1. Could you check how many residues of region A:165-224 are out of contact with any strand residue (DSSP E or B) (no Cβ under 7 Å at 6 or more places or on another chain) and touching a residue at least 60 places away in the same chain (Cβ under 8 Å)?
2. Quick check on residue B:67: is it within 14 Å of chain A (Cβ to nearest Cβ), in a loop (DSSP other than H, G, I, E, B) and either at pLDDT 95 or above or closer than 18 Å to residue B:279 by Cα (or both)?
3. Surrounded by 15 or more Cβ atoms within 10 Å (Cβ to Cβ), outside any helix (DSSP H, G or I) and at pLDDT below 95 - does that describe any residue in region A:487-502?
4. Tally time: how many residues in region A:572-591 are within 14 Å of another protein chain (Cβ to nearest Cβ) and over 18 Å from residue A:384 (Cβ atoms)?
5. Can you find a residue that is part of a loop (DSSP other than H, G, I, E, B), more than 10 Å from chain A (Cβ to nearest Cβ) and in contact with a helix residue (DSSP H, G or I) (Cβ under 7 Å, 6 or more places away or on another chain) anywhere in region B:220-230?
6. Which is under 26 Å from residue A:249 (Cβ atoms), in contact with a helix residue (DSSP H, G or I) (Cβ under 8 Å, 6 or more places away or on another chain) and at pLDDT below 95, of A:402, A:395?
7. It is to be established whether one or more residues within region A:178-187 are within 25 Å of the chain's Cα centre (by Cα) and either within 13 Å of another protein chain (Cβ to nearest Cβ) or under 26 Å from residue A:88 (Cβ atoms) (or both).
8. Of the residues B:129, B:97, B:89, B:120, only one is away from every other protein chain (no Cβ under 14 Å), farther than 30 Å from residue B:48 by Cβ and either in contact (Cβ under 8 Å) with a residue 60 or more places away in the chain or within 12 Å of the chain's Cα centre (by Cα) (or both); which?
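The values are calculated or read from the model by the stated rules, or taken from the named source; none is laboratory data. Fair warning: this is a prediction, and the values are worked out from it, not measured in the lab. Cβ: placed from backbone, ideal geometry, glycine included. Neighbour counts: every protein chain shown.
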């Protein structure tokens with residue numbers, strides 16, 4: 001098998017398509033791979049065509065007795081068995097090269113591509129995505145802090161299929177990394193001796209290489225820990241042990257286990273970065289990985305929403321007494337409240353996608369703000385997807401979606417699987433706490449209008465190649481705040497200018513009205529954020545409500561930025577953006593009229609009117625050369 | 001007069017669910033669900049009685065396992081299963097509180113973190129809300145004479161979402177411990193899974209999408225006389241009557257009061273619902 005599906009690989013002209021008219025159904029990389037995408041961006045840029053080629057390859061592997069067959073994956077899940085064939089197929093398709101930066105010999109030059117590739121895998125099975133994608137988390141510390149030679153060697157091994165894990169957490173300390181008890185002490189004659197146990201680690205038994213955070217100063221503290229890249233093959237037998245697989249609620253086939261070290265000798269060159277830099281490196285690494293987690297949430301959300309929509313479109317609730325043609329003898333999707341819920345779920349997923357897209361692109365252009373943006377992305381995107389999946393389950397479960405209406409239990413599996421995304425790599429609570437700690441700087445930056453307009457435009461233009469990612473630009477705290485929201489007043493002004501110039505007149509007025517309400521809500525939110533006072537460990541519960549509102553404002557502002565940079569002034573489709581703004585304003589508790597919320601039904605049409613197995617995505621509504 | 005004799009009998013028969021040697025306890029039930037051992041204890045029975053007594057007896061079973069609990073008797077009020085699920089939320093809260101009190105994060109017990117206390121208080125307020133709605137519905141109370149059926153509607157359409165929402169938020173508080181199917185806290189994931197199916201499974205009634213007149217219901221004398229309106233007003237589940245999907249948690253003095261009450265009942269070994277039944281639990 002070749003690596004033709006890789007981002008720098010094949011170009012498939014079949015993906016070229018015509019531009020979409022207002023409201024036209026468009027898709028992002030059809031999961032079935034049967035038809036061309038028809039959006040304005042389809043076929044216009046190399047990453048899109050490469051992603052679509054990868055998606056088609058996945059489609060070829062999705063069928064009875066194939067690695068991504070629904071029945072096969074369901075059976076593995078029921079048996080708590082690792083999806084070996086699916087992961088091997090991804091290896092053979094060359095996906096590991098996407099985890100290696102181009103400067104270290106791989107294909108990773110644009111995090112947007114990584115997001116789209118992992119999203120495509122997650123649309124089929126989240127266990128496979130979490131198992132395969134973990135290698136990036138395992139390697140990222142070396143990418144950002146290792147020396148060039150170590151990074152080049154690691155890149156080569158990953159390209160050859162090596163699995164890399166990252167062992168941070170311990171049995172009694174969870175997210176509290178500074179309480180870690182695994183130690184590394186200088187070994188007589190050089191190198192390090194590693195002792196202790198890491199637990200609840202994805203892929204740690206399968207991995208050949210493991211990045212380990214260990215205490216190198218007995219006193220601990222922010223400078224008391226260091227990172228090591230442990231090569232199991234180079235450890236003395238008997239100095240390390242794999243701990244048993246832990247059975248989990250979802251992603252049941254994943255290798256969630258642990259590793260124990262007993263005076264395991266590490267060579268000098270196992271150290272990543274300098275002694276004492278471990279926590280700083282890992283916090284910066286998490287800015288990247290927490291952002292990329294959006295890919296898995298978006299894919300799981302796509303999958304669950306597609307299953308729910310197909311179910312609602314094909315199931316009736318007619319009982320024995322309902323005559324054919326009666327009000328009940330119609331697909332569930334035609335019932336007004338179900339139609340509205342599907343539209344709301346679509347809007348929620350589009351808001352999550354806007355957040356994810358802006359966030360991964362900000363890694364390139366707004367690197368210094370990632371302490372804020374990664375926290376928003378990791379808190380908001382999984383929570384939004386959890387919420388929409390829960391609503392769909394509660395709405396359609398009694399109709400059969402939790403039973404016979406769900407072949408192979410795919411919806412139930414997606415629901416179980418996805419709950420892990422909001423837990424690992426820092427939970428929603430941990431990330432909201434990280435956001436709250438930055439409230440004073442964010443509020444100050446907003447008040448002073450500190451937005452990097454050029455970098456923001458780049459983040460909001462997903463069909464253009466981003467500037468190279470510079471790890472050195474990562475910062476533990478954003479000094480300027482957050483350009484996505486600090487740039488909102490200018491975005492609303494730009495929309496106002498478009499509305500003033502538009503022909504025919506007034507078609508942008510409804511959108512402008514929603515955007516102005518968003519700006520007003522954002523202004524008030526930042527005023528409230530500026531008044532929050534707290535001491536460490538005593539963040540008041542009320543601040544978490546402000547954090548949730550901040551995430552909603554960020555998501556809606558992100559959608560507006562994407563629209564402004566991804567549409568031309570003529571014949572611009574406002575449907576999806578109005579849907580996003582209506583959903584965000586409603587969740588913020590801001591006034592929205594009944595007539596405005598009708599746009600959610602239009603989003604339902606986008607969802608239902610396309611061919612089976614396709615997904616609604618902003619990427620297909622954004623033009624490559626609009627701004 | 002609340003009748004809990006049947007429930008007390010169930011509790012006495014099934015014993016302390018936290019006892020690892022109890023064949024009806026959480027450890028044994030997880031092992032059974034996981035196929036690690038057969039269910040070798042006596043089958044569970046739901047005693048006969050008046051609807052409200054049956055509700056509480058069923059709640060005593062659901063707080064151990066909704067999946068193993070028998071169905072309500074034919075003719076039982078429709079809100080009975082929803083009301084029984086309050087028992088599952090009771091156990092979920094108890095397991096979460098137990099976990100947080102034993103876990104140290106950032107140098108102190110996790111239960112000291114204000115954000116976690118807020119979420120616990122919110123889940124407790126939701127439990128009180130759902131207990132009130134379902135108990136009165138099973139009792140056949142009509143708090144709004146000019147809107148007959150309003151309370152039953154609230155109990156059957158809103159309470160299931162409120163209960164599940166509270167369980168979901170507690171799962172976030174539990175963090176990775178929620179996700180594990182073995183060990184001390186593994187009953188949490190089983191209770192969540194089984195409650196989800198008990199409330200939204202293929203054999204459950206479809207939720208009526210008509211708006212619930214919750215504000216009027218909570219202000220009605222029959223409801224005010226059954227529960228503290230201040231505590232009910234703090235329930236995050238109230239947000240389900242609106243169109244916003246954000247679920248504000250209790251704050252200020254009412255949050256402190258909810259948390260103190262929750263801990264007091266936990267330490268006293270009584271249920272969190274309004275009956276305050278004594279429990280055999282020794283978490």
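1. Looking only at that region, the number is 4.
2. yes
3. Going residue by residue through region A:487-502, those that are surrounded by 15 or more Cβ atoms within 10 Å (Cβ to Cβ) are A:487-492, A:494-495, A:498-499, A:502.
Cutting the leftovers down to outside any helix (DSSP H, G or I) gives us A:487, A:502.
Adding the requirement that they be at pLDDT below 95 leaves A:502.
Checking region A:487-502: at least one residue is surrounded by 15 or more Cβ atoms within 10 Å (Cβ to Cβ), outside any helix (DSSP H, G or I) and at pLDDT below 95.
4. 1
5. Narrowing region B:220-230 to residues part of a loop (DSSP other than H, G, I, E, B): B:220, B:225-228.
This time we only want the ones that are more than 10 Å from chain A (Cβ to nearest Cβ), so: B:220, B:225-228.
Applying the additional criterion that residues be in contact with a helix residue (DSSP H, G or I) (Cβ under 7 Å, 6 or more places away or on another chain) yields B:226-227.
Checking region B:220-230: at least one residue is part of a loop (DSSP other than H, G, I, E, B), more than 10 Å from chain A (Cβ to nearest Cβ) and in contact with a helix residue (DSSP H, G or I) (Cβ under 7 Å, 6 or more places away or on another chain).
6. On the way: A:395 fails: at pLDDT below 95.
Result of the check over A:402, A:395: A:402.
7. As a first pass, look at region A:178-187 and keep what is within 25 Å of the chain's Cα centre (by Cα): none.
No, region A:178-187 contains no residue that is within 25 Å of the chain's Cα centre (by Cα) and either within 13 Å of another protein chain (Cβ to nearest Cβ) or under 26 Å from residue A:88 (Cβ atoms) (or both).
8. Details: B:129 fails: farther than 30 Å from residue B:48 by Cβ; B:89 fails: farther than 30 Å from residue B:48 by Cβ; B:120 fails: away from every other protein chain (no Cβ under 14 Å).
So the residue among B:129, B:97, B:89, B:120 that is away from every other protein chain (no Cβ under 14 Å), farther than 30 Å from residue B:48 by Cβ and either in contact (Cβ under 8 Å) with a residue 60 or more places away in the chain or within 12 Å of the chain's Cα centre (by Cα) (or both) is B:97.
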